[in-house]
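The values are calculated or read from the model by the stated rules, or taken from the named source; none is laboratory data. On a predicted model such as this, the values are computed, not experimentally measured, just so you know. Cβ atoms come from the backbone with ideal geometry, glycine included; neighbour counts cover every protein chain shown. Quick note on the areas: whole protein, heavy atoms, side chains included, nothing else; ligands and nucleic acids left out. Shrake-Rupley method; radii C 1.70, N 1.55, O 1.52, S 1.80 Å.
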Amino acid sequence: MESHGQDGPDGSSLKPVSSLRSHFENMTKSKDGLKDSPAPAPPTRNQSPSSIPPPVPDTRPSRTVNVPQENGWAKQPKDVANSSAPRLQNPGDAGPGYRSSVHIIAPPPLSPRPIKPPAVLVEPPQSPPKPRPFSMLQSDTTARLNPDISKTPTTPTAPSPRSFKMPTRPNTPIVEPGRAPRPPVVSQPPSPPPPRRSAELRREREARASPPIPPPINRAEKPANRLSRLMGNAPKLEMSPQVPDRRSPFNSPPTTASSPEIEEPPLVPNRPARPLSQKVPPRVIPITFDPPPVHLTIANIRRDQEANGIARTPIATQFSDDRSAPALPARPQTVPDPASARAPANAPLKPPPRPPRPTVATVSPSVDAPVSSQAARAVSTPTTQFAPPPSRTHGRSLTVDKGAEKIPADGHEPSRRPAASHPNGHPSDSPVSGTTSHTEIITQFPDSAKINRRPPVIKQGAHEINTKYDTRVFDVCGQYVCTAGQFTRVWSLLDGEQVVSFAHGEGVRATAVSFKPTLDIQDEGMRLWIGNNVGELVEADVGTQSIVGNKTNAHGRNEIIKIYRYYNEMWSLDDGGTLHVWGPDDEGIPNLAINPHQTYRLPKGHTFSIIVDGELWHATGKEIRIFAPTANGRNQVQVLMRPLVAEGAGEVTSGALLKSQPGKVFFGHNDGKVSIYSQKDFACLSVLNVSTYKINSLVGVGGRMWAAYNTGKICVYDVSESPWVVKKDWQAHSNPVVKLVADPASFYKLDRSQVVSLGADNTVRSWDGLLQDDFLETEMKTLDKQYCQFEDIKLLAMTWNAGASTPNSLRYSDSDAMFMQNLLQSSDSPDILVFGFQELVDLEDKTATAKRFFKPKKKDATDQERMSHQYRDWRDFLVRCLDDFLPSSLYHLLQTTTLVGLFTCIFVKSTLRDRIRNLGSAEIKRGMGGLHGNKGAIVVRFMVDDTSLCFINCHLAAGQSQANHRHNDIAAIMESALLPGERDPSVRIDSYVGGGDGTMVLDHELCLLNGDLNYRIDTMSRDTVVIAVKQNNLAKLLERDQLLVARRRNPAFKLRAFEEMPIEFAPTYKYDVGTDTYDSSEKKRSPAWCDRLLHRGSGRIRQLDYRRHEVRVSDHRPVTGQFKFTVKTISPQKRTLAWADCQQRFEDLRGKEASEEMLNYLTKFIGFDMETSTELLQEKAARRDHRSPSRLNE
């Protein structure tokens, strides 16, 4: 084959194959006598590229050189075939991230001995080297990873920016172990096809084995035909065991598993790996290729997947004949460094040890970790541990000594604790991710029917402290609370006064603060650690009001975002992911005068973290990773390989533990959901819908969960039921709640349970953790049968949008004229009658509406003067109807109230009139942003004996798409303080609910709401609704009723606490006036149940019927319901006894909680053992018992 002067795609000349063959044969012969010479040391740094590298003598020993490739192949200069001396490729061509790596190998002899490839000097390309992206990721590959070629991942990897693609070969060559191939570069042609070199080496081996020399390769032939002919002449060499598999960097790329024709690769030296346990029989040269090496990052990810139990299925290679897949040869094992004392990385790891717990204050606690930071680092290596970044979810931290040998990339086993096992008793093989099939998804929101809205203001000390500066972090210990920001100030929770104030200087602000442990338990809360935004740690003494220590650049220049206290250790974390563990010094407490005992690297992007039994649950966005940092550094820091992710939940923003739920960890998310994880096997047990607002903070107080929201509200949940039950809900701050802290030292220090909150309004407020008022009220409600007498009263309620009709309008039709008579005569003479009308005036009349809007009311006008003739006509009509159709009972008009079309008229029996007191009414406007009364509500309340009743007549915003507007109207009606409050605290407990004082609607025991609520039927056309009504398929329509859907799905919907009897009548809106035909006008409004009756009574309201009436003078049909209300009468003497009983129950509960919390504080927080903690509690109790009588009364 002769050269015709043609150039290759990269500008190099195409030389004849025979010329190259003879040249390589001569080069090989000159090296046979020097193959056992010792290899020189590899270069220690990158070599600069040179256009003419110096010649290398051919006495150079045989060794494996990791040659960086360009586009997956080593570039060859145009005169490589004519060179008289072999040359190595210039390392500078590999780019800035290249480091040469040389391994001297002395493998067992082959039988027959294969011909080693010659050392070739490849001159740099004529054009400047192209940029190498990701050079930092590719540098120092050999120093960090020693992969086993036999375990190369068989799954396809993501293409990198420099993969090689050649028209004449379907596969990518193996470039270098641990380095992924690069995608094609469009701007430059690929290198010359390397099959010429592979063919030359193959023919040389065939010549030694005495087969006939194959004819020259026809380059014009298709690759498949050429390969098939060459494979037929491939020799079969028998190889002895312990022979490493050798591959040339110039071999052809691997093909897919489905390719029937695969070219034989040439054999070259390879890296040593672990020997196979079984004896490898002699094999033939496989007609296959190893999968392409992958990048270091991908290798780490796949290695961790194997360690987690994600098995990889090898690619099934197809052979042209019936031969089975050849066995891999055994390869020499890497000899470990005998001086290294490190345990292998794949050895079973022990659980992270507990930090040393101090004994009583008079004895210095024992410290396992060395005092000197240099000594600590000599025996542990967490300073080199790097947890995987958030974007690489399957990476792993390695606990490796800086001077120890590099751990192989394969053979890692996940860190396991002995407690981690499956419920069936077998040890778990892989960590359980947050998204498992066992995760229970609870879509229902917590039950808020018995919610309490009274703020649990603490009764002793200062309830509120205004910091008067911008602060976002704080910590609390006993009587002291520390707020940090531009200033760090300490306040007393006993009197609210400022104790200490530190200024940090210009541009410096405190970003983390925590009280540190002390030698004496009585000094707890007197020392502070403060971290700032420039990476400095400062220790302050509250008693002396001075700075007693600091560590400049403790975290470099990174902002310290969190300081943890764990027994007698302090941990500090910065925004770069560096975690310092400050163990105890000689005295047994952390000291900033020495360096941190250990340093770890965690992922960036911290959103929340919590210490759970010595393990740091670290959240970055939606992912949760678990680490086990220790002061001695003898254990691997990362507990799980893969992060935990809760299915369907947002980013993690908060978390807490509950004493009543041991073994569970609760996390709050920014979408209002709470995920629950098992501490035993890390499984995500359930995901709950708690709110629609962001959860800023979670704390566990006793058996209840406190949640602080972005709305400024704090809710308390009972987690013992599913779904949870809302026990308390109040507006704690006018701005979002930044943080919520349950003080673990409050019982031991102050003999009370306190929860402290910090709002974005820069106000600190303390709350009663025991919820004493709620406990007493609840207990009194449960004992009400001991001191109350109950009676049922009958009630009839009607709601009707009259559409500006008058009583005379009922006379035009016989059925309409009989409406009121039939209603009253069938009501069985109720004790209370409530009539609620809407649109008694024409709201479409813009002239009349403008007059009502701008004309002020007379302040001194009587009801007769203030009421227009429409209201008077209906009032007089109702009085006549009662006299005519219920002559046996005498009724009194109790209350009439109007608001621009709304009209409420209440009648009571004469026998009940004297039992009614505390009558009041109010109105709330919701039209035109609260300025106009065309939309709004009328509220009437009164007391029957000792029971409070409230009646709401409302007309909400109209429109199919105004559901949210209607929700807002309801919220404004329910949450507005409309009525005068009750001052007597005993009456509040007896006659009102939810901690209310009677100012709001939901404060009353029995509530009845009626009106034109205007809720429509969603996602259905008018014709579909009409057809369903004609077919009496009401269930289909009720599934999409906006009111019912909101009650199911919207936890903030205020009507969730109300009940409604099942609807069994057709929609009452909208009809053509005078007919039974639904709206046939141009608008063609869809039918809907706009007119409703709802009630709330905690089981003391029973609805007897719920029906509509056929009155055609309006476009709405009237709706009525009969009820039985249960009212009570209290016996004062019996109530006093019940109250004393409730007080005693609370004291018993308080004593039990105090004992448990103080013991938990001493053992789980301070770190004392059980015996020492018990002695301290006994001493504390003795001191309290020996106090003077004057102090006992305090």
Does any residue in region 673-685 that is open to solvent by 10 Å² or more (accessible area, probe 1.4 Å) come within less than 6 Å, Cβ to Cβ, of a residue that is aromatic (Phe, Trp, Tyr) six or more places away or on a different chain, and which pairs are these? ILE676/PHE666
Look through region 599-624, keep the residues that are within 17 Å of GLY700 (Cβ to Cβ), of a type outside the set (D, E, K, R) and open to solvent by 10 Å² or more (accessible area, probe 1.4 Å), and return whichever of them is farthest from the chain's Cα centre (by Cα). ILE611
If we keep just the residues of region 927-943 that are on the phi > 0 side of the Ramachandran plot and in a loop (DSSP other than H, G, I, E, B), which is surrounded by the fewest Cβ atoms within 10 Å (Cβ to Cβ)? GLY929
Of all residues making up region 1045-1069, the number that are closer than 18 Å to ASN1014 by Cα and open to solvent by less than 40 Å² (accessible area, probe 1.4 Å): 12
Scan of region 510-533 for residues that are crowded, with 20+ Cβ neighbours inside 10 Å, out of contact with any helix residue (DSSP H, G or I) (no Cβ under 9 Å at 6 or more places or on another chain) and not polar (S, T, N, Q), ordered by number: ALA510, ALA512, VAL513, PHE515, LYS516, ARG527, LEU528, TRP529, ILE530, GLY531
All but one of (1) of a type in the set (Asp, Glu); (2) under 20 Å from MET1158 (Cβ atoms); (3) free of Cβ contacts under 8 Å to residues at least 60 places away in the same chain hold for ASP718; state the number of the condition that does not hold. (2)
If I ask for residues that are farther than 25 Å from ASP718 by Cβ, open to solvent by 20 Å² or more (accessible area, probe 1.4 Å) and not in a loop (DSSP other than H, G, I, E, B), which ones from region 443-471 would you list? GLU464, ASN466
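Residue by residue, here is whether (1) assigned to a loop (DSSP other than H, G, I, E, B); (2) farther than 24 Å from ASP1012 by Cα; (3) among the polar types (S, T, N, Q); (4) open to solvent by less than 30 Å² (accessible area, probe 1.4 Å) holds:
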{"site": "ARG880", "(1), (2), (3), (4)": "no, yes, no, no"}
{"site": "ASP883", "(1), (2), (3), (4)": "no, yes, no, no"}
{"site": "PRO887", "(1), (2), (3), (4)": "yes, yes, no, no"}
{"site": "LEU894", "(1), (2), (3), (4)": "no, no, no, yes"}
{"site": "THR897", "(1), (2), (3), (4)": "no, no, yes, yes"}
{"site": "THR904", "(1), (2), (3), (4)": "no, no, yes, yes"}
{"site": "THR911", "(1), (2), (3), (4)": "no, yes, yes, no"}
{"site": "GLY920", "(1), (2), (3), (4)": "no, no, no, yes"}
{"site": "LYS925", "(1), (2), (3), (4)": "no, no, no, no"}
Exactly one condition in (1) surrounded by fewer than 17 Cβ atoms within 10 Å (Cβ to Cβ); (2) polar (S, T, N, Q); (3) on the phi < 0 side of the Ramachandran plot; (4) assigned to a loop (DSSP other than H, G, I, E, B) is not met by SER829; state its number. (3)
Test for ALA1035: is it in a helix (DSSP H, G or I), touching a helix residue (DSSP H, G or I) at 6+ places or on another chain (Cβ under 8 Å) and of a type in the set (Gly, Ala, Ser): no
Tell me, which residue of region 566-580 that is out of contact with any Leu (no Cβ under 8 Å at 6 or more places or on another chain) and closer than 29 Å to GLY650 by Cβ is surrounded by the most Cβ atoms within 10 Å (Cβ to Cβ)? ASP574
Residues located in region 483-537, provided they are part of a strand (DSSP E or B), of a type in the set (Gly, Ala, Ser) and without any contact (Cβ under 8 Å) to a residue 60 or more places away in the chain: ALA484, GLY485, SER492, SER501, ALA503, ALA510, SER514, GLY531
Any residue that is open to solvent by less than 60 Å² (accessible area, probe 1.4 Å), over 20 Å from LEU750 (Cα atoms) and in contact (Cβ under 8 Å) with a residue 40 or more places away in the chain - is there at least one of those in region 1151-1165? no
Could you please give the count of residues in region 717-738 that are over 20 Å from the mean Cα position of the chain (by Cα) and either of a type in the set (Phe, Trp, Tyr) or over 21 Å from ILE441 (Cα atoms) (or both)? 9
Suppose the filter is out of contact with any Phe, Trp or Tyr (no Cβ under 6 Å at 6 or more places or on another chain), at pLDDT 95 or above and surrounded by fewer than 21 Cβ atoms within 10 Å (Cβ to Cβ); does ASP784 pass it? no
Single unsatisfied condition, ILE1027 versus (1) open to solvent by 60 Å² or more (accessible area, probe 1.4 Å); (2) over 30 Å from TYR709 (Cα atoms); (3) touching a residue at least 24 places away in the same chain (Cβ under 8 Å): (3)
Would you pick out the residues in region 698-724 that are more than 17 Å from LYS659 (Cβ to Cβ), assigned to a strand (DSSP E or B) and open to solvent by less than 20 Å² (accessible area, probe 1.4 Å)? ALA708, TYR709, ILE714, CYS715
Of all the residues that make up region 922-969, how many are at pLDDT 95 or above and of a type in the set (Ser, Thr, Tyr)? 2
Is it true that PHE1146 is open to solvent by less than 30 Å² (accessible area, probe 1.4 Å), in a helix (DSSP H, G or I) and of a type in the set (Phe, Trp, Tyr)? yes
Go through region 558-604 and count every residue that is within 21 Å of GLU623 (Cα to Cα), assigned to a loop (DSSP other than H, G, I, E, B) and not basic (Lys, Arg). 5
Qualifying position, being touching a His at 6+ places or on another chain (Cβ under 6 Å) and open to solvent by less than 10 Å² (accessible area, probe 1.4 Å), among ALA628, ALA656, ALA649: ALA649
May I ask you to say which residue of GLY583, GLY549, GLY556 is touching a residue at least 12 places away in the same chain (Cβ under 8 Å) and open to solvent by less than 10 Å² (accessible area, probe 1.4 Å)? GLY583
Would you pick out the residues in region 739-757 that are more than 24 Å from the chain's Cα centre (by Cα) and among the hydroxyl-bearing types (Ser, Thr, Tyr)? SER746, TYR748, SER753
So which residues in region 766-778 are surrounded by 19 or more Cβ atoms within 10 Å (Cβ to Cβ) and assigned to a helix (DSSP H, G or I), if there are any at all? ASP773, GLU777
For a quick check of your reading of the model, give me the residue pairs whose first member lies in region 1168-1194 and is modelled with pLDDT of 90 or more, whose second is in a loop (DSSP other than H, G, I, E, B) and open to solvent by 70 Å² or more (accessible area, probe 1.4 Å), with beta-carbon atoms closer than 7 Å and at least 6 apart or on different chains. PHE1168/ARG357; ASP1169/ARG357
Working carefully through the options ARG1016, ARG1107, find the one that is open to solvent by 20 Å² or more (accessible area, probe 1.4 Å) and of a type outside the set (Ser, Thr, Tyr). ARG1107
Provide a single number: the residues in region 979-1013 that are buried (at least 18 other Cβ atoms within 10 Å of the Cβ) and in contact with an Asp or Glu (Cβ under 9 Å, 6 or more places away or on another chain). 21
